[in-house]
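Okay, so here's the structure we're looking at.
The values are calculated or read from the model by the stated rules, or taken from the named source; none is laboratory data. On a predicted model such as this, the values are computed, not experimentally measured, just so you know. Using ideal geometry, Cβ is built from the backbone for each residue, glycine included, and neighbour counts are taken over all protein chains shown.
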Amino acid sequence: MMKEKSDIDQILAKMKAEESKRGKLKIFFGAVAGVGKTYAMLEAARLRKKEGTDVVVGCVETHKRRETQMLLEGLEILPVQKIMYRRIEMREFNLDEALKRMPSLILVDELAHTNVPGVRHAKRWQDIEELLNHDIDVYTTLNVQHCESVNDIITQITGVVVKETVPDSFLEMADEIELVDLPSEELLKRLKEGKVYLGPQAERAAMNFFRPGNLIALRQLALRYTARSVDAKMRAYKEMYSISKVWKASDRFLVCISGDPSAIRLLRSAKRIASETGAEWIVAYVETPSITRHRYRQNQVDALIISAEKLGAETIILSGQRIGETLLAYARSKNIGKIIIGKPKRSRLSEFITGSVVNELARQSGEIDIYILSGEVEEKVPKPIFVPHRPLSWKGALLSVMIASLCTVVNSLLFSIVEPSNLIMVYLLGVICVAFFFGKRISFFLSLLSVLCFDYFFVPPYFTFAVADVQYVITFIVMLITGLVVSTLADRLGTQMISARLREEHNQILYTLNKELSKTSDSDELIKIAVRHLEEFCRCPVAIFSFDQDKLTIAQTKGTLPFPLTSNEEGVINWVYEHGKMAGRGTDTLPSSKGIYLPLVGTEKTVGVFGAFPGDSPLLSDPRKMHFLEIMVDQTALAVEGAQLAAAMFEAEYTIEKERIRNLFLTTFSYDVPQKLSDISKMVSKLLVRGEMGDKEKTDIVKQIRFEVEQLNSLSVELHNILKFRSNVIPDDRKTIKS
């Protein structure tokens with residue numbers, strides 16, 4: 001039966017792949033230039049050609065390496081596209097020729113290359129994306145420093161800001177990433193032998209980028225990036241074939257925390273394990289309906305989540321009915337083979353009544369390993385942000401007495417009409433209402449009061465707590481238990497409604513923001529919309545800062561800033577813009593500033609900085625709100641970047657049109673006009689020459705002169721229309737570009 005299911009899954013996967021009609025992308029990935037990516041790509045292409053595949057070379061940079069040039073022999077090479085740029089003839093990949101040829105496999109070197117203005121796409125990865133959409137397989141090469149997600153790390157390691165990057169969203173579409181690796185010593189040897197760069201370029205590389213420490217760090221980055229890509233492919237494969245069992249192919253572990261402040265010890269121990277093993281770690285907190293209403297517990301969890309993020313962990317808050325089941329389901333979905341949990345501190349009686357998370361994990365974990373740690377012995381526990389409420393306030397007790405009294409009055413009116421057992425339902429109705437609107441603590445107290453009132457007023461002997469019939473004792477017990485169960489269920493329903501409402505509010509905020517952002521393509525208008533929504537969400541003054549030629553300006557703010565923008569604040573904003581990381585108040589980076597600043601990071605660059613000035617607002621103390629704020633900022637960044645890219649595309653089209661008009665003018669005034677004036681001059685000279693000339697011949701010459709003059713007039717009208725178009729239409733669009 002299992003074999004049959006597997007065969008069906010394979011057939012469905014094959015059908016899905018055939019229906020997609022998208023080419024396959026293979027990236028030959030390396031740490032730096034010179035490790036042999038192009039060489040490996042050509043070797044793989046020659047092998048595919050021997051197998052009968054239609055292979056074409058679209059663009060390959062050999063850098064005058066003899067062994068690489070030899071591998072090109074016997075392969076069909078497409079003609080390049082020649083473009084004049086700043087009086088220099090540039091040679092670019094010819095996308096139109098490739099689409100016209102439609103090979104099965106095409107080689108396009110240097111994925112991160114930026115095309116010359118005038119080519120259809122600004123980036124080479126966009127050319128490759130169009131090839132893939134036309135069902136053409138592509139082989140390409142890439143160095144790790146060109147990956148967008150590690151750009152800031154590369155800058156820290158090498159001190160070099162890499163301008164040409166490829167979005168990770170595009171790299172995730174690759175069907176295969178093959179790592180081409182070379183030891184650092186051998187790579188330096190190749191550099192000295194001139195097999196990487198030639199002449200002065202090799203000397204500059206050896207002094208700067210190709211230092212031994214840099215090469216070791218870049219090699220480690222390339223290995224980790226490849227491992228992460230392979231891990232993502234493995235998870236996708238498991239999801240495609242519905243494989244729930246964990247494959248322990250990657251070193252990743254999950255840390256489960258509770259609302260206990262001492263969980264900080266567990267986080268410290270987990271951080272130490274992650275540092276020693278180099279493993280990724282995720283901190284998870286499971287939010288169950290029974291604890292969602294407890295503000296004190298939520299405050300402690302928020303403090304622990306902030307501490308985990310400062311330690312470098314990825315954090316997530318899960319929702320579920322049972323902690324063990326929720327943790328195991330998440331671990332299996334992420335292919336996590338290890339779960340770390342703290343030692344239980346509750347008594348055996350408490351565990352017997354409410355259950356033990358450790359025992360639940362141990363029974364249901366299966367192939368997942370469970371580790372129980374005690375954490376560090378001496379560690380200061382973070383204090384709660386808010387003072388906890390008392391178990392039951394006098395207001396809650398008074399409310400319970402009032403509801404119990406009201407139910408007793410109603411029952412006294414019904415006592416002569418209905419059976420005493422039916423009076424219990426009135427008390428249960430009061431318990432349900434109180435549990436739904438005021439929580440479980442008050443409803444528990446009301447359940448006990450309801451039993452006492454029923455016994456005192458409606459069970460003989462009346463007006464005493466004595467019971468004549470022993471069977472009523474069972475009634476009291478069942479009534480109390482029923483009240484407790486019903487109140488628990490009602491409280492859980494109310495909690496779920498609160499959680500659903502909060503999620504709906506966040507979804508509605510995000511939907512409204514995206515809807516308004518999609519209505520315009522003007523950068524100023526986009527920023528204005530974003531500032532309005534962000535200020536409504538943060539409930540404090542906010543601003544978005546932009547950089548024009550590295551000069552800081554306030555792009556948009558609602559109202560005025562709560563304080564003058566000092567040089568210190570400008571320094572924080574510049575740091576956030578350059579490093580693409582959050583900084584400011586409430587963070588570990590420059591915490592003395594008055595505002596908290598988040599970068600507006602797009603797919604290719606940072607387009608600005610968002611600043612919030614919370615003052616006494618609890619914005620910084622709520623990790624959930626901060627995470628959602630980051631989502632809103634990311635959406636704003638993508639919208640602004642899209643508008644800027646559209647403006648840049650229009651600018652490129654305008655530049656092309658301007659060059660076309662310039663060439664038209666040059667052609668007209670360098671050839672057409674002089675030629676026609678020369679013809680007219682010759683014909684006029686014939687008329688002025690003395691001698692006999694018949695009337696018919698004179699008439700023909702005059703007609704010819706008239707025709708040439710009309711041609712010049714038509715040409716002047718065309719030039720006038722072009723100039724009118726430039727002066728009336730283009731400037732209006734250029735105003736949009738500047739905005």
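The table that follows gives values for the structure above.
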| item | result |
| --- | --- |
| Residue in segment 71-78 that is part of a helix (DSSP H, G or I), more than 23 Å from His146 (Cβ to Cβ) and assigned by TED's automatic domain parsing to the domain that holds Asn133 present | no |
| Members of segment 173-191 that are surrounded by 14 or more Cβ atoms within 10 Å (Cβ to Cβ) and assigned to a helix (DSSP H, G or I) | Ser184, Leu187, Leu188, Arg190, Leu191 |
| Residue within segment 179-201 that is modelled with pLDDT of 75 or more and under 23 Å from Thr326 (Cα atoms) present | no |
| Residues that are in a helix (DSSP H, G or I), closer than 30 Å to Ala308 by Cβ and among the hydroxyl-bearing types (Ser, Thr, Tyr), drawn from segment 612-659 | Thr636 |
| Among the residues listed as Gly34, Gly58, the single one being modelled with pLDDT under 90 and either surrounded by 22 or more Cβ atoms within 10 Å (Cβ to Cβ) or not assigned by TED's automatic domain parsing to the domain that holds Tyr139 (or both) | Gly34 |
| Some residue of segment 438-445 being basic (Lys, Arg), in contact (Cβ under 8 Å) with a residue 60 or more places away in the chain, part of a helix (DSSP H, G or I) and within 30 Å of Met497 (Cβ to Cβ) | yes |
| Scan of segment 274-309 for residues that are modelled with pLDDT of 70 or more and of a type in the set (A, V, I, L, M), ordered by number | Ala274, Ala279, Ile282, Val283, Ala284, Val286, Val301, Ala303, Leu304, Ile305, Ile306, Ala308 |
| Residue list for segment 496-516, restricted to those being within 14 Å of His533 (Cβ to Cβ) and surrounded by 13 or more Cβ atoms within 10 Å (Cβ to Cβ) | His506, Ile509, Leu510, Thr512, Leu513, Asn514, Glu516 |
| Check on Ala652, closer than 30 Å to Ala303 by Cβ, modelled with pLDDT of 70 or more and aliphatic (A, V, I, L, M) | no |
| Residue under evaluation His63, criteria (1) in a loop (DSSP other than H, G, I, E, B); (2) at negative phi, criterion not met | (2) |
| Residues of segment 588-609 that turn out to be among the polar types (S, T, N, Q) and buried (at least 21 other Cβ atoms within 10 Å of the Cβ), as a count | 1 |
| Residue match in segment 576-592 (condition: over 25 Å from Ile153 (Cα atoms) and β-branched (Val, Ile, Thr)) | no |
| Whichever residue in segment 610-632 is among the aliphatic types (A, V, I, L, M) and touching a residue at least 60 places away in the same chain (Cβ under 8 Å) and, among such residues, is surrounded by the fewest Cβ atoms within 10 Å (Cβ to Cβ) | Ile631 |
| Ser487 crowded, with 20+ Cβ neighbours inside 10 Å, among the polar types (S, T, N, Q) and in contact with a Lys or Arg (Cβ under 8 Å, 6 or more places away or on another chain) | yes |
| Pair list, Cβ < 7 Å and 6+ apart or interchain, from segment 420-431 residues that are in the same structural domain as Cys453 (by TED's automatic domain parsing) and closer than 15 Å to Leu446 by Cβ to residues that are of a type in the set (Phe, Trp, Tyr) and surrounded by 15 or more Cβ atoms within 10 Å (Cβ to Cβ) | Ile424/Phe454; Tyr427/Phe454 |
